[in-house]
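Accompanying notes for the structure given below.
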Amino acid sequence: MKKKTKSQIFKFDNTYVSLPKNFYQKINPVPVKKPTLIKLNHELLNFLDLDENSLKSNLGISILSGNKVPSNTTPLAMVYAGHQFGNFVKQLGDGRAVLLGEIIAKNGQRYDIQLKGSGQTSFSRQGDGRSPLGPVIREYIISEAMHYLGIPTTRSLSIISTGEFVKRERIEPGGILARVSSSHIRIGTFEFFSAKKDLVSVKKLSDYSIKRHFAEIWSSKNRYKLFLDKVIECQAKLVAQWMNVGFIHGVMNTDNTCISGQTIDYGPCAFMNKFDPNTVYSFIDTYGRYSYGNQPKIMLWNLSKFAECISFLINQNEEKANKIILNSLSTFPQLFEKFWIKAISEKLGFFLSLKEDRKLIEKFLEIMFKQKIDFTLTFRTLSESIENEKKKIKFFSSFKNKKPITTWYNDWIKRLNKENSSKEKISKKMQNKNPLFIPRNHLVEKAINNAVEKGDFSMTNDLIKVLKKPFEYKENFNLSEPPKPNQDIKNTFCGT
Ligand code: AMP
Ligand code: MG
């Protein structure tokens, strides 16, 4: 094995830069005044085969802040377009981020290391290319929480405080996130070339994406149709996973939809407290386009935009291509349903699949909705309710109207009796499907406020710590409770 020299904190192995020049702008991050390392992700750096001490060194901090570019890489800003709230914007791109380079993790997989908040690029439009520290902390907390909930996501390697200020509604300290992603190719990347009718580039991007993400279909004759099917499937699975933890992405534009099926861009996202499909957090989502309950529909819409881009590769005959595409897109609702029903069944302790399950699931959601109770804690206390009488009382305590839930509970117990498993075992298995800790918005906001206003990172650290084991009860942490009415923070902002 090659020994890492000091200048090789990252053993870059870049491929995106080999694509044609119209795919990116080669650009270095813009240096910052006084970088300080606020947070380094020990587990992730280990997974990526990086050395912790080197990353913590002056050189490491210089690289993570963009002040030094290692000689073994060529940073670049990726170009893309995208449908934002349904409207096509033909020119977007990394306006406040650069792809520092790609590395191979211990598992042999390729990952992008991107610096977000790294200064202006030619895609910055009117933006300053920077990010306030608050949204950087937010992305770190929530993306890591998603990872530990078992949901595909970009991850966060480090937080740098820049020692500079950025002007938003107020003057705020600046931050830089090192984001790790299995790639940053978005539906919007395809749309950029497709809108220009640059079919050669669409084909090049498709081939690159297939080789990078779905190598198993590369030698198939109908690889582009299979590519579409793969993207449809991983997105159906992803959105089903979001729904089952109450995650609301908040800005499901096509430029924020990765073809790898990971969650990306933690701007105005939040976790729902009370179960209500109409829940919207994002302040700018006036019409609730990206509400909790709309997410599957919106993902299908986004996928239809992707399908349009690669249609000519699927079949040169437009009519035939349309037929194939429609056929593929029509599988999305069933796929989503399959992933969703399996996961929510398991949340209810149904590990066998029986006909009556759907009715029980729907009834449970209906009661939760009517009684406006907390999504996460209700599933969690239900899981624990079969352990003992005290916990059963705790579960029932959140329902104002006891009658419907008592009837439902009795039917549920009857249904559990059909599982080939003891109640203790079912309870344990359910607890592994129903988190106790999620990054609730009021907690994330409080942690950010403490960090940004007072330089106190203790709550950020506590949150990150409990969210690493979201299914495990911890005595000393009171970070699982939903907000009291005076604590609730109902709006989120992009923070760009
Ligand atoms: P987002 O809302 O984060 O998905 O970003 C949408 C687009 O705006 C992307 O092309 C970003 O690169 C760009 N953008 C967002 N914030 C900034 C900023 N502060 N400076 C420059 N570009 C930005
Ligand atoms: Mg974005």
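Quick notes on this structure:
- Among the residues of region 236-251, just one is surrounded by fewer than 23 Cβ atoms within 10 Å (Cβ to Cβ) and within 16 Å of ligand 2 (Cβ to nearest atom), namely 251.
Here's the yes/no breakdown for (1) surrounded by fewer than 18 Cβ atoms within 10 Å (Cβ to Cβ); (2) under 25 Å from residue 196 (Cα atoms); (3) under 21 Å from the mean Cα position of the chain (by Cα):
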| site | (1), (2), (3) |
| --- | --- |
| 256 | no, yes, yes |
| 278 | yes, no, yes |
| 282 | no, no, yes |
| 308 | yes, yes, no |
| 326 | yes, yes, no |
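- Residue match in region 165-174 (condition: in contact with a helix residue (DSSP H, G or I) (Cβ under 6 Å, 6 or more places away or on another chain) and farther than 30 Å from residue 259 by Cβ): yes
- Condition check for residue 267: assigned to a helix (DSSP H, G or I), outside the structural domain of residue 141 (by TED's automatic domain parsing), among the small types (Gly, Ala, Ser) and within 20 Å of the chain's Cα centre (by Cα): no
- Check on residue 143, more than 11 Å from ligand 1 (Cβ to nearest atom) and out of contact with any helix residue (DSSP H, G or I) (no Cβ under 8 Å at 6 or more places or on another chain): yes
- Candidates 469, 433, 446, 490 - the one that is part of a loop (DSSP other than H, G, I, E, B) and surrounded by 14 or more Cβ atoms within 10 Å (Cβ to Cβ): 433
- Which numbered condition residue 303 fails, given (1) part of a loop (DSSP other than H, G, I, E, B); (2) crowded, with 21+ Cβ neighbours inside 10 Å: (1)
- Annotation: of all residues in region 54-93 being under 22 Å from the mean Cα position of the chain (by Cα) and more than 14 Å from ligand 2 (Cβ to nearest atom), the one that is nearest to residue 290 (Cα to Cα) is 86.
- Restricting region 119-138 to residues that are surrounded by 24 or more Cβ atoms within 10 Å (Cβ to Cβ) and either more than 10 Å from ligand 1 (Cβ to nearest atom) or modelled with pLDDT under 95 (or both), the residue that is nearest to residue 25 (Cα to Cα): 136
- For region 409-448, taking the residues that are among the polar types (S, T, N, Q) and within 33 Å of the chain's Cα centre (by Cα), the one that is farthest from residue 348 (Cα to Cα) is identified as 441.
- Counting the residues of region 284-306 that are within 13 Å of ligand 1 (Cβ to nearest atom) and within 17 Å of the chain's Cα centre (by Cα) gives 1.
- Count of residues meeting criterion [free of Cβ contacts under 8 Å to residues at least 60 places away in the same chain and not in a strand (DSSP E or B)] in region 154-183: 2
- Verdict on residue 120 being in contact (Cβ under 8 Å) with a residue 12 or more places away in the chain and either more than 22 Å from residue 77 (Cα to Cα) or more than 21 Å from the chain's Cα centre (by Cα) (or both): yes
- Members of region 284-300 found to be surrounded by 17 or more Cβ atoms within 10 Å (Cβ to Cβ) and not in a loop (DSSP other than H, G, I, E, B), listed by number: 292, 294, 295, 296, 298, 299, 300
- If the condition is being more than 15 Å from ligand 1 (Cβ to nearest atom), of a type outside the set (S, T, N, Q) and either touching a residue at least 12 places away in the same chain (Cβ under 8 Å) or surrounded by 21 or more Cβ atoms within 10 Å (Cβ to Cβ) (or both), then region 87-111 contributes 100, 101, 102, 103, 104, 105, 106, 110, 111.
For every residue, the table says whether it meets (1) touching a residue at least 12 places away in the same chain (Cβ under 8 Å); (2) away from ligand 2 (no atom under 16 Å from the Cβ).
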| position | (1), (2) |
| --- | --- |
| 221 | no, yes |
| 225 | yes, yes |
| 232 | yes, yes |
| 267 | yes, no |
| 285 | yes, no |
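- Note on region 429-475: residues that are out of contact with any helix residue (DSSP H, G or I) (no Cβ under 9 Å at 6 or more places or on another chain) and charged (D, E, K, R) total 4.
The values are calculated or read from the model by the stated rules, or taken from the named source; none is laboratory data. A quick note: this is a predicted structure, and the numbers were derived from the prediction, not measured. FYI the Cβ positions are ideal-geometry reconstructions off the backbone, even for glycines, and counts take in every protein chain you see.
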